[in-house]
Amino acid sequence: MKTLLILRHAKSSWDNPELSDYDRPLNKRGKRDAPRMGKHLREQELIPDRVFTSSAKRARKTATKVAKACGYTAKVKRLDRFYLAPPGVYIEKLQVLPDKFQRVMVVGHNPTMEQLVRHLTGQIERMPTAALAHIELPIQNWEALDLYTRGTLVNLWTPKTLFTE
């Protein structure tokens, strides 16, 4: 059994219209929610063994803040291929992981995060910013993972459902 954590980047800023989509930073809410989700991972005892993120600024910053807050100490791996990628690109990356990694987190963008959850669980779920899906996969080896693997959506958390202001 392998665990996959799927995280949509936290809320980004649209304050500077001259910035490219790729370079948009987190806004105030995103900077607040990302570490909260990391703390929640730690409380749930779901600290990942490996973290991969889209190389877009808002995803990188989300991954870094979540990783730090949950106690993840390895390097967060940035992947240019994850920016605007379809779910298959994420699956391809996971398929080549060493089997020593039991719990892996991917950080990316919608609509891909929602599509990845749907492909791997058969469930249609909404993934607002900073949403985190916890999926248990019925595989022993990452190479066995494909878009037809049917895992179990154990939980889906959002900042709105976890934290009250």
- Message: Within segment 143-151, does at least one residue satisfy the condition of being touching a strand residue (DSSP E or B) at 6+ places or on another chain (Cβ under 8 Å), among the basic types (Lys, Arg) and at pLDDT 95 or above?
- Response: no
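Condition check ((1) more than 23 Å from Thr149 (Cα to Cα); (2) crowded, with 21+ Cβ neighbours inside 10 Å; (3) of a type outside the set (Ser, Thr, Tyr)) across all residues:
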| position | (1), (2), (3) |
| --- | --- |
| Glu45 | yes, no, yes |
| Phe52 | no, yes, yes |
| Arg58 | yes, yes, yes |
| Lys68 | yes, no, yes |
| Thr73 | yes, no, no |
| Pro86 | no, no, yes |
| Val89 | no, no, yes |
| Gln102 | no, no, yes |
- Task: Please tell me if Val96 is of a type in the set (Val, Ile, Thr), exposed (fewer than 14 other Cβ atoms within 10 Å of the Cβ), in contact with a helix residue (DSSP H, G or I) (Cβ under 9 Å, 6 or more places away or on another chain) and in contact (Cβ under 8 Å) with a residue 12 or more places away in the chain.
- Result: yes
- Do you know which residues across segment 112-130 are within 21 Å of Arg81 (Cα to Cα) and either exposed (fewer than 14 other Cβ atoms within 10 Å of the Cβ) or under 12 Å from the mean Cα position of the chain (by Cα) (or both)? Thr112, Met113, Glu114, Leu116, Val117, Met127, Thr129, Ala130
- Among what's in segment 9-60 and is of a type in the set (D, E, K, R) and touching a strand residue (DSSP E or B) at 6+ places or on another chain (Cβ under 7 Å), pick the residue that is modelled with the lowest pLDDT. Arg24
- Message: Given the condition in contact with a His (Cβ under 8 Å, 6 or more places away or on another chain), farther than 12 Å from Leu7 by Cα and either in a loop (DSSP other than H, G, I, E, B) or not basic (Lys, Arg) (or both), answer yes or no: does some residue in segment 104-122 qualify?
- Response: no
- Out of all the residues in segment 131-157, which are of a type in the set (S, T, N, Q), in a loop (DSSP other than H, G, I, E, B) and surrounded by 14 or more Cβ atoms within 10 Å (Cβ to Cβ)? Thr149
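The values are calculated or read from the model by the stated rules, or taken from the named source; none is laboratory data. In this text, all values refer to a predicted model and were calculated from it rather than measured experimentally. Please note: Cβ atoms are built from the backbone with ideal geometry, for glycine as well, and neighbour counts cover all protein chains shown.
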